[in-house]
Ligand SMILES: Cc1ncc(COP(=O)(O)O)c(C=O)c1O
């Protein structure tokens, strides 16, 4: 049976990984500065992660949400301790889209309203309301287009005020650092005013931390760079280091009722074991300090590259903007230099989303390769 052909693929077949490297079937080594789309947080095949998953699956991999599962409580407590988000409650699911879907659903339950405000170039996933709140018409099917969503420009606070004061908006959903869209960030003033407007108009403020969360921004959550209190925080990607797990942190003002949300697989024993191992490693290896150190180091070197027009993002969620489309450059980096990088909706942006364990030697390897690849691209174009 052929695979449903929805992805343009690079001709590379990773079969194993270790730390910031992956290896193909011939044993060739690739430096992974893409982290499988910001997913690999503690590095490939981290021994503590492998051990925790192996031990859990040998005992009990799964049971439904109809029984006591102390691993969920342990995970919730650990997220609270590391994030500093006191008093929130945790609902567990399996992916980023599902996290946002539940966040939007909860906002609608809480407020009794149904319109969503989202932002230009935002990406929130591919399911029903999450994709409707995503600014990409190509991925919204007619069934999704039935949702009531208003897409506004980032930083246009007057527009946000106008929409929220109409009284029918259940939620404003935002990425504090845009991922797929290309690393744009609104101003602190904007985020703080949106937070205040949500509170004044009984709309839920949803922080989509699916990509920017779990330390990638240099704080546990990207919204913590600002003075805001989201009602709901969506998490996924780095949370499981590749194990499918997502969740939402829910402010206690939103009261839980039986049946409001639910899932078969979400919060299963194996997923919790993976999630706990990730948090333990982030803590023990002080990975958020490493993010800040490596980010500064990366940006310092990036500033010396003459072809570079702009450096975007924060922490280890960075974008290098050129004045040409980077598709060819990414191919040169993969095929000639064995380095994975990411693209964005902004075709001139090279995205850097490495495991949070990346070290200076890897950053140096990248820039040496980038300088060579930039020359190779010029030769190709000529
Ligand atoms: C900010 C953001 N939200 C949501 C999603 C959707 O996550 P998933 O692909 O796990 O459904 C993504 C995925 O790239 C994302 O970057």
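Of all residues in region 1-52, those satisfying the criterion of being in contact with a helix residue (DSSP H, G or I) (Cβ under 6 Å, 6 or more places away or on another chain) and within 16 Å of the ligand (Cβ to nearest atom) are 38, 39, 41. With respect to (1) away from the ligand (no atom under 12 Å from the Cβ); (2) free of Cβ contacts under 8 Å to residues at least 40 places away in the same chain; (3) assigned to a strand (DSSP E or B); (4) touching a helix residue (DSSP H, G or I) at 6+ places or on another chain (Cβ under 8 Å), the lone exception for residue 230 is condition (3). Would a scan of region 307-318 turn up a residue that is surrounded by fewer than 19 Cβ atoms within 10 Å (Cβ to Cβ) and at pLDDT below 95? Checked against the condition, which is being surrounded by fewer than 19 Cβ atoms within 10 Å (Cβ to Cβ) and at pLDDT below 95, region 307-318 yields at least one hit. Listed by first and then second residue, the pairs linking a residue in region 160-183 that is over 28 Å from residue 346 (Cα atoms) to a residue that is more than 15 Å from the ligand (Cβ to nearest atom) and part of a strand (DSSP E or B), with Cβ atoms under 6 Å apart and 6 or more places separating them unless they lie on different chains, are 168/115; 169/115; 169/117.
What do you reckon, is residue 218 in a loop (DSSP other than H, G, I, E, B), more than 14 Å from the ligand (Cβ to nearest atom) and within 15 Å of residue 98 (Cα to Cα)?
On the way: in a loop (DSSP other than H, G, I, E, B): yes; more than 14 Å from the ligand (Cβ to nearest atom): yes; within 15 Å of residue 98 (Cα to Cα): no.
Against the criterion (in a loop (DSSP other than H, G, I, E, B), more than 14 Å from the ligand (Cβ to nearest atom) and within 15 Å of residue 98 (Cα to Cα)), residue 218 does not qualify.
Pick out the one residue from 182, 238, 247, 213 that is out of contact with any helix residue (DSSP H, G or I) (no Cβ under 9 Å at 6 or more places or on another chain) and in the same structural domain as residue 122 (by TED's automatic domain parsing). Break it down stepwise before answering.
Values: 238 fails: out of contact with any helix residue (DSSP H, G or I) (no Cβ under 9 Å at 6 or more places or on another chain); 247 fails: out of contact with any helix residue (DSSP H, G or I) (no Cβ under 9 Å at 6 or more places or on another chain); 213 fails: out of contact with any helix residue (DSSP H, G or I) (no Cβ under 9 Å at 6 or more places or on another chain).
Every option except 182 fails the conditions.
Give 356, 374 a once-over and let me know the one that is touching a residue at least 24 places away in the same chain (Cβ under 8 Å) and within 22 Å of residue 39 (Cα to Cα). If you could, list the steps in order and put the result at the bottom.
Numbers: 374 fails: within 22 Å of residue 39 (Cα to Cα).
Exactly one residue qualifies, and that residue is 356.
Number of residues in region 345-362 that are buried (at least 20 other Cβ atoms within 10 Å of the Cβ) and over 14 Å from residue 311 (Cα atoms) equals 6. Of the residues 122, 112, the single one that is closer than 22 Å to residue 165 by Cβ, within 15 Å of the chain's Cα centre (by Cα) and assigned by TED's automatic domain parsing to the domain that holds residue 153 is 122. All of 89, 101, 55 fail the test of being in contact with a helix residue (DSSP H, G or I) (Cβ under 8 Å, 6 or more places away or on another chain), within 16 Å of the ligand (Cβ to nearest atom) and assigned by TED's automatic domain parsing to the domain that holds residue 280, apart from 101.
Candidates 175, 153: the one that is at pLDDT 95 or above and farther than 20 Å from residue 103 by Cα is 153. For residue 207, state whether it is under 22 Å from residue 91 (Cα atoms) and either within 12 Å of the ligand (Cβ to nearest atom) or part of a helix (DSSP H, G or I) (or both). Here the answer is yes, as residue 207 does meet what is asked. Residues in region 105-132 that are surrounded by fewer than 21 Cβ atoms within 10 Å (Cβ to Cβ) and within 16 Å of the ligand (Cβ to nearest atom): 105, 120, 126, 127, 128.
The helices (runs of 4 or more DSSP H) falling completely within region 1-102 that include 1 or more residues that are without any contact (Cβ under 8 Å) to a residue 24 or more places away in the chain and surrounded by 15 or more Cβ atoms within 10 Å (Cβ to Cβ) map to 70-83.
The values are calculated or read from the model by the stated rules, or taken from the named source; none is laboratory data. Note that the coordinates shown come from a computational prediction; the quantities given were computed from them, not determined experimentally. Positions of Cβ are backbone-derived with ideal geometry, glycine not excepted, and every protein chain shown enters the neighbour counts.
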